[in-house]
Amino acid sequence: MARYAAFLGRSVEVQYRAGDICLPASGTFVADSGRSIFLEQHYEQHGQSKNFRWEIPYQCILRVEESEAFREAPTAKPAQPDESSASAGRELQASAAHASGGASLLPIAQRPKTA
């Protein structure tokens with residue numbers, strides 16, 4: 001049963017543990033498999049649109065909250081960039097860079113099930 005299905009399609013902030021440390025993650029909640037949740041971020045790097053998606057197993061999740069501060073990057077660039085959209089873009093890039101830290105990319109080994 002999917003515990004976090006109510007968050008589907010929403011911007012969320014998740015705090016989870018990886019080993020002995022707690023890490024933050026923010027993005028769009030795109031899936032709940034019943035064992036893990038999947039977050040996705042869209043950002044622009046060197047003029048190209050990029051996606052970053054990661055899986056967080058249920059047993060590692062400490063907290064999931066809906067986020068109003070996090071916004072997805074627009075797919076089309078505005079005709080007249082203003083100061084507020086430029087600062088929002090910088091915040092999104094900083095958030096994406098922070099979320100892609102080395103520890104969050106390491107696979108979590110699952111123990112084999114024994115009878």
The range 10-55, accessible area per residue, ligands and nucleic acids excluded (1.4 Å, Å²): 56 Å²
Derived scalar couplings ³J(HN,Hα) [the range 19-28; Karplus, 6.51 cos²θ - 1.76 cosθ + 1.60; whole Hz; x for Gly, Pro]: x, 9, 10, 9, 10, x, 8, 9, x, 8
Amide H within-cut-off set for Ile37, under 5 Å, with H built and near neighbours excluded: Ile56, Tyr58
Arg10-Ser33 pseudo-label distance in nm [points 7 Å out on the Cα-to-Cβ vector]: 2.3 nm
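The values are calculated or read from the model by the stated rules, or taken from the named source; none is laboratory data. Small disclaimer: the values here were computed from a predicted structure and weren't measured. Every residue, glycine as well, gets a Cβ built from its backbone with ideal geometry; the counts of neighbours run over all protein chains shown. Side chains are part of the model used for accessible areas, which takes the heavy atoms of the whole protein and leaves out ligands, DNA and RNA. Shrake-Rupley method; radii C 1.70, N 1.55, O 1.52, S 1.80 Å.
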